[in-house]
Amino acid sequence: MCREKPFHLPFFAPSSQILRLPSSSMAAAARRLSAASLPLRHHHLLLRPFASSASGQPPIAVETSVPFTGHKIEPPSRLVDTTPSELLSFFRDMTLMRRMEIAADSLYKSKLIRGFCHLYDGQEAVAIGLEAAITKKDAIITAYRDHCIFLARGGSLVESYAELMGRRSGCSKGKGGSMHFYKKDSGFFGGHGIVGAQVPLGCGLAFAQKYTKEGTVSFALYGDGAANQGQLFEALNISALWDLPVILVCENNHYGMGTAEWRAAKSPAYYKRGDYVPGLKVDGMDVLAVKQACKFAKEYALQNGPIILEMDTYRYHGHSMSDPGSTYRTRDEITGVRQERDPIERIRKLILSNEVATASELKDIEKEVRKEVDDAIAQAKEIPMPDPSELFTNVYVKGFGAEVFGADRKEVKAVLP
Amino acid sequence: MATTMALRSFGRRTSIAARGFSSSCETEKAAKDGKPINLFSAINQALHIALDTDPRAYVFGEDVRFGGVFRCTTGLADRFGRSRVFNTPLCEQGIVGFAIGLAAMGNRAIAEIQFADYIYPAFDQIVNEAAKFRYRSGNEFNCGGLTIRTPYGAVGHGGHYHSQSPESFFCHVPGLKVVIPRSPQQAKGLLLSCIRDPNPSIFFEPKWLYRLAVEEVPEHDYMLPLSEAEVIRQGSDITLVGWGAQLSVLEQACVEAAKEGISCELIDLRTLIPWDKETVEASVRKTGKLLISHEAPVTGGFGAEISASIAESCFLRLEAPVARICGLDTPFPLVYEQFYMPTKNKILDAIKATVNY
């Protein structure tokens, strides 16, 4: 497949500049936080980063890979505060997500997962950075590439794999599948198959949040393909008109299925497309940049109304498991991004250069994560499929009593449960 | 010489033996010299011919240039150039609206909606703009050159948003034509008819059959008539009506029923609106019983319209209530697709119940 325009790799300087604090305190911090002693909490998968120095950890200030670019707004500083344990938790969580998606790939190829499966590996920094900046009372809504956002919101591996394999203990009782993960108690509104449809929904969530006056916001995630949907602009107009606390996050991985962004959009500067709505362009492969931008955006949205964040990110897999991902982009491009901009590698370098942990401790974390994922898969495989009666439940509210006709014989009628 | 259509086995579906079509005039004429090809190749051939014969024909949609997600548009861009075969951004409402405008200027706009499940953003454009253009302008304008092609139907693992059959929504709109082919040879002729028909049409392609259905399809330019149903199997005990991929399921049920001595007449409706009432009525007057089967949910599906219409016109001839074997009244399920689908056994059950009423 030929392209007329040569595609240039997203042009960010690969290495971040790190400010170092005196190494003795670093080493001490590292000893206290050696990877093996980090508690494994099964209930909430992700380790919450420590609040700054209350627990005696010296904060680390890190510069993001590139400065933020603003549209009709003064961008935040590129200096981000973090702590050693936050860095380690980022590393662990992103490794977990990466491992989860790769394992889902193998499960799909062995036909345990069927239907559609859209993998998120490469984009982990967006999910993790976003989560680090907000609370569980803020709402997130996204499209179908939702496995990792579900994990970030506190979902468990077992629930995820069970849902992927269509088992009854899946997060949507096996009725949703890969594209429809939800988690009500932590404000994760899913999981949507129709492109772009989730954005007006997200603005509606923000509308409700404005009424509750709890200082919460909604993040509506969408991709570069969805950015050309008309409903997005309708939602933007309404949000801006009514000052809704909604943040529209364009996860720009540069390809809408197989179509490169410059082929689909007259203006691929998605952060500018809000026109009267300000926007920020963020390096979506730098988790600290994402965290900074989301924090900034939340504060902005609570005061002023909608803002657009464009996350410059990349997916290693194809659009879905039926797409090899190599017919519309070169393997060189993919390996190039992997080598220069991989989010996990960036954190690894930060951790090592700040002596937060040693390379072998990080390897241990990776091994642990691998085992966790394997255990979860083994557990999920044992879970049975949903009961056939579940085919009819939840069409309407329970007990509504709507009558339906069975397909066997005309005389057979059923009442929906 | 009857044409044959072979269905290969695929995943959980079982294979069925090659079967012969009952010969009808047009099928024989059309099946002079054919090469066995599958559905997407037949559609591809039709598109090549359409673009070749009309310099003002255009094919566009999401990802069509490289050949499309189902390979239906392979080779078109190379042969006819980027100005006539082009990709659109991801915006169904925009695609159809744009197509209507193009058609209103006298062109043949062949728009593709990647999956019928995604047609709803374009619903307003289709219903309010396309269908009513000629009517509201007093025939001053029209968008007859509009053809929307879209894959529909279950595919075994499609789930909620890659398996829907939304044809009945559009059957409710006067001004549109809705056409559904059952096989490669039919698809090529019917698609060319839709493209050349001076009314806006929606052509639903059964995605399950894209690779599975292989048939001998003549290479020349031919058209099959719209609004004419085809009796593809003669019988005397009961009339079965269906369209698209469901016909092969109905066919299997006919074969099974024949073993029990029930002779079924099978009709392919082909065009859903305006539908061929005469053929169905003639058949029901012969058999006295009717069964309709489609994948879409039973309530409000197009089977309801056929049933009501036949009940009106053949009331005294009917010997049993009209049976509808259709999808269940639930969203298209993920894991329990085989429970939802109107399968051969459900149809067989209903045939027996109706015949023994």
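Any read-out appearing in this document is the output of simple, stated calculations on the displayed coordinates, not a laboratory observation. Only a predicted model underlies this, so the values are computations on that prediction, with no experimental measurement involved. No Cβ is skipped: glycine too gets one built from the backbone with ideal geometry, and neighbour counts run over all protein chains shown.
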Counting only DSSP beta bridges fully inside the range B:25-217, the antiparallel percentage to nearest 5 is 15 percent
If each part is reduced to its alpha-carbon centroid, the range A:175-248 and the range A:299-372 end up apart, in Å, by 24 Å
Nearest 10, in degrees from 0 to 90: the angle of helix B:184-196 to the longest Cα principal axis of chain B is 50 degrees
Among B:Cys194, B:Ser165, B:Pro55, the residue whose Cα sits farthest towards the positive end of the charge dipole of the range B:25-217 (+1 at Cβ of Lys and Arg, -1 at Cβ of Asp and Glu, taken about the Cα centre) is B:Pro55
Applying the gyration tensor rule to the Cα atoms of the range A:238-348 (axes a ≥ b ≥ c; rounded if a/c under 1.5, else prolate if a/b exceeds b/c, else oblate), the class is oblate
Comparing B:Ala245, B:Ala104, B:Ala187 in a Gaussian network model of chain B (Cα, 10 Å), the one with the largest mean-square fluctuation is B:Ala104
Taking B:Trp208, B:Trp243, A:Trp262 and counting other beta carbon atoms within 10 angstrom, the fewest-first order is A:Trp262, B:Trp208, B:Trp243
Here the range B:256-261 yields Karplus 3J(HN,Hα) values (6.51, -1.76, 1.60; θ = phi - 60°; whole Hz; Gly and Pro given as x) of 5, 5, 4, 5, 9, x
Ranked on Cβ counts within 10 Å of their own Cβ, fewest leading, A:Lys291, A:Lys367, B:Lys286 go A:Lys367, B:Lys286, A:Lys291
Within chain B, excluding any GluC sites (Glu not before Pro) found in a DSSP loop (not H, G, I, E or B) and having at most 10 other Cβ atoms within 10 Å, the longest uninterrupted segment runs B:1-139
Dipole check, the range B:230-355, charges on Cβ (K,R +1; D,E -1), about Cα centroid: among B:Ala258, B:Pro297, B:Ile347 the Cα furthest to the positive pole belongs to B:Ala258
Excluding residues fewer than 8 positions from A:Lys398 in its own chain, the aspartates and glutamates with Cα under 19 Å of it are A:Asp387, A:Glu390, B:Asp329
Magnitude of the Cβ-charge dipole (Lys and Arg +1, Asp and Glu -1) of chain B about the Cα centre, nearest 20 debye, reported as 400 debye
If one compares the long axis through the Cα atoms of helix B:344-355 with the longest principal axis of the Cα atoms of chain B, the angle in degrees, nearest 10, works out at 50 degrees
For the range A:139-148, Karplus-derived ³J(HN,Hα) couplings (6.51, -1.76, 1.60; θ = phi - 60°; whole Hz; x for glycine and proline) come out as 9, 10, 9, 9, 8, 8, 8, 10, 4, 6
Checked against the positive end of the charge dipole of the range B:230-355 (+1 on Cβ of Lys and Arg, -1 on Cβ of Asp and Glu, about the Cα centre), the farthest of B:Val249, B:Val322, B:Phe332 is B:Val322
Given backbone amide H placed at 1.01 Å from N, residues whose amide H is under 5 Å from that of B:Val64, ignoring those fewer than 5 places away on the same chain, are B:Thr88
Helix B:302-313: inclination vs chain B longest Cα principal axis, degrees, rounded to 10, gives 60 degrees
In debye to the nearest 20, the charge dipole size for the range B:79-218, taken about the Cα centre with +1 at each Lys and Arg Cβ and -1 at each Asp and Glu Cβ, equals 380 debye
Long-range amide H partners of A:Asn253, meaning residues 5 or more apart or on another chain whose placed amide H is closer than 5 Å, are A:Asp224, A:Thr313
In the range B:87-139, the trypsin sites (Lys or Arg not before Pro) that sit in a DSSP loop and have at most 16 other Cβ atoms within 10 Å of their own Cβ are B:Lys132
Cross-link reach from A:Lys210 to lysines, straight Cα distance under 29 Å and at least 8 residues apart if same chain, gives A:Lys72, A:Lys136, A:Lys137, A:Lys183, A:Lys184, A:Lys272, A:Lys281, A:Lys291, A:Lys295, A:Lys298
Taking a ≥ b ≥ c as the square roots of the eigenvalues of the Cα gyration tensor, with a/c under 1.5 meaning rounded and otherwise prolate when a/b exceeds b/c and oblate if not, the range B:25-217 is rounded
Under 5 Å from the placed amide H of A:Glu63, counting only residues 5+ away or on other chains, we find A:Gln17, A:Leu19, A:Val80
Asserting the computed 222 nm helical MRE of chain B (DSSP H runs at least 4 long, -39500 (n - 2.57) per run, divided by residue count, to nearest 500) equals -9000 deg cm²/dmol
About its Cα centre, the protein assembly as shown carries a charge dipole, from +1 on Lys and Arg Cβ atoms and -1 on Asp and Glu Cβ atoms, whose size in debye to the nearest 20 is 740 debye
Ordered by fewest other Cβ atoms within 10 Å, a rough proxy for footprinting exposure, A:Arg341, A:Arg348 read A:Arg348, A:Arg341
Using alpha-carbon positions, the gyration tensor of the protein assembly as shown gives root eigenvalues a ≥ b ≥ c; with a/c under 1.5 called rounded, otherwise prolate if a/b exceeds b/c, else oblate, the class is prolate
